[in-house]
Amino acid sequence: MILLIHSSRDIAGVNIAKSVLENYSFAKTKLTYQENPTYAAEINGKKVTFITLKEEAVNAQYIQEDFPSAQLVVFISRHSSQSGKPTLSVHTPGNLGNAELGGLPKTLSVSPALAMQNALKALVHYKEALSLDYEVSFECTHHGPSLNVPAMFVELGSSSAQWSDLRAAEAVAHSAMSAIANFTAPTTSAVLGIGGTHYNQRFTLMALVGEAAFGHMIPKYAVHLVDAEMLSQCVEKTLEKVPLAVLDWKGIKSEDKPNLLSALEAIGLPFKKV
């Protein structure tokens with residue numbers, strides 16, 4: 001079963017959810033969750049359950065206990081940034097350091113690299129099809145929840161103007177559903193991305209042209225938090241096998257490079273500089 005989630009406290013999530021229900025064959029079930037109706041559909045042979053949370057999605061640390069059969073969890077939500085730049089984004093939840101916004105400290109969710117790549121490509125397709133003036137990007141791994149199941153956020157941002165943009169909400173809805181429809185057991189490998197900004201355009205482009213599928217991505221500002229144990233967790237908590245790390249070499253602080261290379265050597269993970 002694949003679990004699709006939005007929060008009633010999230011205006012972007014509500015608008016994306018409306019688009020999902022308008023465009024896909026979800027039927028209301030007799031069950032409720034957190035006092036909200038639940039919906040079910042079969043999408044490309046996969047059973048999908050669609051639920052609404054009463055609280056913010058980043059705090060859904062309990063969700064795996066309530067839906068233990070979930071093989072993939074997809075959150076549709078808003079994205080916030082100080083820049084307010086119109087952005088359609090994809091990322092895995094989890095905390096490389098402290099749990100400042102949900103989840104558990106130094107604990108990652110499982111990253112579904114191919115599903116994220118699929119969603120990213122779909123966002124570009126629907127951005128163009130719907131004539132949206134938005135940037136499409138990966139985001140690095142951040143915020144909760146920290147789940148032991150493949151999990152991803154497909155987001156609409158970065159300010160209230162975009163959260164109410166119904167065409168952009170439709171793009172996110174179709175992209176999340178594309179990732180769900182095409183979700184399969186891993187057939188290829190993924191890479192761990194390290195370095196660069198929170199919105200790493202180099203990694204985004206590599207994924208879009210099919211050069212690599214990225215699982216967890218560690219931004220420049222968090223490299224100093226990463227040791228061999230965290231790197232191992234990044235590898236182990238990726239749905240696909242991770243035989244390689246890709247380093248955005250100029251996007252890593254000079255003082256962080258020796259410890260990073262030492263940690264990669266300690267876990268025996270080869271790397272490529274880009």
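A short reminder: the numbers here are calculations on the coordinates, not readings from a lab. Because the structure is a prediction, the values reported are computed rather than measured. Backbone-built Cβ (ideal geometry, glycine too); neighbour counts: all protein chains shown.
Taking 0.36 nm per residue of separation and subtracting the Cα-Cα distance, what length does fully extending ASP66 through SER160 add?
Details: separation 94, 0.36 × 94 = 33.84 nm, distance 3.11 nm.
Full-extension gain reported as 30.7 nm.
Using only DSSP helix segments of four residues or longer, with each worth -39500 (n - 2.57), what per-residue ellipticity at 222 nm results for the chain after dividing by its residue count and rounding to 500?
Values: 8 runs with 82 residues, N = 274.
That comes out to -9000 deg cm²/dmol.
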field: Cα lying deepest toward the dipole's positive end in the chain, options ALA113, ILE76, ASN59, charges on Cβ
entry: ALA113
task: Check cross-link reach from LYS127 to the lysines: straight Cα distance under 20 Å, and skip same-chain residues fewer than eight apart.
output: LYS18, LYS85
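Taking Cα pairs under 8 Å and at least six residues apart, what relative contact order does the chain come out at, in percent?
Details: 661 pairs, mean separation 54.1, N = 274.
About 20 percent, as a whole number.
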- request: Work out the length of the dipole vector of the chain about its Cα centre, built from +1 on the beta-carbon of each Lys and Arg and -1 on the beta-carbon of each Asp and Glu, and round it to the nearest 20 debye.
  value: 320
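Please say if region 191-273 is rounded, prolate or oblate, where rounded means a/c under 1.5 for a ≥ b ≥ c the square roots of the C-alpha gyration tensor eigenvalues, and otherwise the choice is prolate for a/b larger than b/c and oblate otherwise?
Values: a/c = 1.74, a/b = 1.15, b/c = 1.52.
The shape class here is oblate.
What do you get for trypsin sites (Lys or Arg not before Pro) in region 165-274 restricted to DSSP loop and a cutoff of at most 13 other Cβ within 10 Å of the site's Cβ? The partial results should precede the final answer.
Numbers: sites: ARG167, ARG202, LYS220, LYS237, LYS241, LYS250, LYS253, LYS272, LYS273; in loops: LYS237, LYS241, LYS253.
Answer in residue order: LYS241, LYS253.
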message: To make sure I understand, if each residue's beta carbon is the centre and we count other beta carbons within 10 Å, what order do ARG78, ARG9 fall in, fewest to most?
response: ARG9, ARG78
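Give the order of ASP133, ASP227, ASP248 when sorted by the count of other beta carbons within 10 angstrom, beginning with the fewest. Show your work: numbers first, answer last.
Details: ASP133 7, ASP227 15, ASP248 21.
Sorted ascending by nearby Cβ count, the order is ASP133, ASP227, ASP248.
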